[in-house]
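Asks: First the structure, which I've put down as C-alpha cells, then a few questions once you've had a look.
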Amino acid sequence: MTKNFLIALLIVAVIGGMIPWFMRTYLWSKFLNHVKKGEDEKALKIINGKLYGWLLGEFDRNWNLLRLYMSRDNKKKIEEQTNRLLAMKLNKGQLYKVCSNVYFYYLGEENKEMAAKLLENLDECSEDKEKEEMHMLFRILMEKKSEDIDVVLKELEERKEELERPQNKSQLGMLQYLLGLQYHYQKDRKNADLWLNRAKENLKGTPYEKTIKELLH
C-alpha cells in the first residue's frame, strides 16, 4: 500500500467515526430546542424515533423521557417511565442515576410506595454512608419517625464550618428542617419551632418553605 492510500484510509475512518457523533449532537440539540420551547409533541417524535434509539440507545431514550415528564410534573408518566427503567437490565451506574434522582422526587410527593421501591434499588448501587442517609430520609419523611435526632445534631456539629459557607445554605436548611420535623413528631413545640424557623431562612424560595410555614402556624 502506498503512503497516500494509507492516509486516505485514515481520513475515511476518522470521518466515518465523526458522522455518528455529529448526528447524535444534532439530534440531541433538536430535541432540547423543542423541549425549551414547550413543543412536547415534536420533542417526543424525535426521542421515540428509530434514529434516536439507534444513535443514543434505549437507556438514554427512556432516561430522557423520564426527565421530560419530571420537568412537566406529569405524575402518571413519571411513574410509568420509572417502572419501565427499573424493569430494564441496567448496570450499577445507570441504576444509581435513575434511583438517586427519582427518589427525592417521590420523597417530595410523599409517595411511600414508590420511594420504598427506589430505596430498595438504591441499596444495590449505593455506598454504605449514602445508604444510611437515604434510609434516614425515608424514616423521617415517609415513616414520620424521630429516632435520628442525635444523628442530625452530630452532623450539624461535625460539618459546622462547612455548612456555614453561603454555597451550602440549602444543605444546612435541610438538616435543620429534618430536625424540626422530628421534634414536631414528638410534639416538642419549642425545639420544633426553633429549628423550623432556622430552616425557613435557609430554604427560602424552595418548595420546603411553604411546608415549613404551615408547620409553624
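Each reported figure results from applying straightforward, stated rules to the coordinates on display, with no laboratory input. Treat the numbers as computed from the prediction; the structure is a model and nothing was measured. When we count neighbours, we look across all protein chains shown, and the Cβ atoms used for this are built from the backbone with ideal geometry, even at glycine.
Asks: Debye calculation, C-alpha points only, no solvent: report log10 I(q)/I(0) for segment 82-203 at q = 0.11, 0.14, 0.21 Å⁻¹, in the same order as the q values.
Replies: The computed values of log10 I(q)/I(0) come out as -0.42, -0.66, -1.20.
Asks: Specify which labelled value, from [x] 17.5; [y] 20.6; [z] 19.9, agrees with Kirkwood radius over Cα pairs in Å derived from the coordinates of the model shown.
Replies: It is the value labelled [y].
Asks: Let me ask something additional. Starting from the amide H of LYS145, placed 1.01 Å from N in the peptide plane, find each other amide H under 5 Å away whose residue is 5 or more places distant or on another chain.
Replies: Excluding prolines and chain starts, which carry no amide H, the hits are ILE140.
Asks: Mind listing the phi-derived Karplus ³J(HN,Hα) values for segment 126-131, rounded to whole Hz, using 6.51, -1.76 and 1.60 with θ = phi - 60°, and x for any glycine or proline?
Replies: 10, 6, 4, 5, 5, 4
Asks: With Rg and the Kirkwood Rh both taken from Cα atoms, where does Rg over Rh land for segment 144-217? Please report the intermediate quantities before stating the final value.
Replies: Working: Rg = 11.6 Å, Rh = 12.2 Å.
Taking Rg over the Kirkwood Rh, I get 0.95.
Asks: Estimate the FRET efficiency between SER170 and ASP73 by the formula 1/(1 + (r/R0)^6), using the beta-carbon distance for r and 22 Å for R0, to the nearest 0.05.
Replies: Numbers: r = 21 Å, r/R0 = 0.93.
That gives a FRET efficiency of 0.60.
Asks: So how much slack lies between LYS154 and ARG84, counting 0.36 nm per residue of separation and subtracting their Cα-Cα distance, in nm?
Replies: Details: separation 70, 0.36 × 70 = 25.20 nm, distance 3.90 nm.
This chain segment gains 21.3 nm when fully extended.
Asks: Return the distance in nm (one decimal) between the two label points of a simple spin-label model at GLU39 and LYS112, each offset 7 Å from Cα along Cα→Cβ.
Replies: So the two model labels end up 4.5 nm from each other.
Asks: Check which residues have an amide H placed less than 5 Å from THR206's amide H, if you skip close sequence neighbours.
Replies: none
Asks: Would you kindly derive the ³J(HN,Hα) couplings of segment 140-153 from the backbone phi angles with the Karplus curve 6.51 cos²θ - 1.76 cosθ + 1.60 (θ = phi - 60°), listing them in order in whole Hz, with x for Gly and Pro?
Replies: Once θ is set to phi - 60°, the couplings for segment 140-153 become 6, 7, 9, 8, 6, 9, 10, 8, 10, 4, 5, 5, 5, 4 Hz.
Asks: Let me ask something else about it. Please work out how much length the chain gains when fully extended from LYS190 to LYS30, using 0.36 nm per residue of separation minus the C-alpha to C-alpha distance, in nm with one decimal. Please report the intermediate quantities before stating the final value.
Replies: On the way: separation 160, 0.36 × 160 = 57.60 nm, distance 5.41 nm.
Extra length available between LYS190 and LYS30 comes to 52.2 nm.
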